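Worksheet: one structure, shown below.
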Amino acid sequence: METLELQLIRNAYESAAGYTHGRLFVPECGFFCWTLEDEDRGLRQDMPLAQIKARKVYGKTAIPTGRYRVLMDTVSPKLKDRAYAKKYGGRLPRLENVPGWTGVLIHPFNVPSESYGCIAPGVLRDGIRGRIFDSTKAFYDLMDFYLVPADERGQEIYLTIER
């Protein structure tokens, strides 16, 4: 089966206590946009679950690095009525089998306190860190040009997160 492979590279020099910026790459164009997540605490998908849980701070920790399947069939009970979700029938991209997490989504937000382990696409502005801008537009572009078409073609979608 054909796949769509997305890559998110976290940027240590663009991150600090409380937040993590990354760069999202898609196969057809290379760099697509910046991302915002909670603080990277050095977790990896291959760590024992007990170790992940010991280092995780609920609502304030970026998910472990690793490779995750992205499912396009999830309707978020909390976010389904937001304008950006309504456009897609409430469906948002969800990362499958993230050790120690449930309900990890890719969706628009602007500051880490809105994250709870999710990933926001967007734009960085010079000199402003710890937040992301134009997140809804970046989300629409990611969905309309890559994720929805891949899903409609029956492609599996994966996101690899690395440092």
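Table for the structure above
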quantity: Residue in the stretch 75-96 that is surrounded by fewer than 21 Cβ atoms within 10 Å (Cβ to Cβ), within 13 Å of the chain's Cα centre (by Cα) and modelled with pLDDT of 95 or more present; calculated: yes
quantity: Index of the failed condition, Leu4 passing every other in (1) within 17 Å of the chain's Cα centre (by Cα); (2) farther than 24 Å from Asp134 by Cβ; (3) at pLDDT below 95; calculated: (2)
quantity: Of all residues making up the stretch 144-160, the number that are under 26 Å from Pro112 (Cα atoms), surrounded by 15 or more Cβ atoms within 10 Å (Cβ to Cβ) and out of contact with any Lys or Arg (no Cβ under 8 Å at 6 or more places or on another chain); calculated: 3
quantity: Of the criteria (1) touching a strand residue (DSSP E or B) at 6+ places or on another chain (Cβ under 8 Å); (2) more than 18 Å from Asn11 (Cα to Cα); (3) modelled with pLDDT of 95 or more, which one Gln51 fails; calculated: (1)
quantity: Residue check for Met143: in a helix (DSSP H, G or I), under 22 Å from Leu6 (Cβ atoms) and not β-branched (Val, Ile, Thr); calculated: yes
quantity: Whichever residue in the stretch 97-115 is among the polar types (S, T, N, Q), closer than 19 Å to Tyr68 by Cβ and touching a Phe, Trp or Tyr at 6+ places or on another chain (Cβ under 8 Å) and, among such residues, is modelled with the highest pLDDT; calculated: Asn97
quantity: Criterion: among the basic types (Lys, Arg) and surrounded by 17 or more Cβ atoms within 10 Å (Cβ to Cβ) - qualifying residue of Arg125, Arg131, Arg163; calculated: Arg131
quantity: When residues of the stretch 77-111 are limited to those that are assigned to a loop (DSSP other than H, G, I, E, B) and of a type in the set (A, V, I, L, M), the one nearest to Ala138 (Cα to Cα); calculated: Val111
quantity: Whichever residue in the stretch 41-74 is more than 13 Å from the chain's Cα centre (by Cα) and of a type in the set (D, E, K, R) and, among such residues, is surrounded by the most Cβ atoms within 10 Å (Cβ to Cβ); calculated: Lys56
quantity: Within the stretch 61-74, tally of residues that are out of contact with any Leu (no Cβ under 8 Å at 6 or more places or on another chain) and at pLDDT below 95; calculated: 1
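The values are calculated or read from the model by the stated rules, or taken from the named source; none is laboratory data. Treat the numbers as computed from the prediction; the structure is a model and nothing was measured. Note that we place each Cβ from the backbone using ideal geometry, even for glycine, and neighbour counts take in every protein chain shown.
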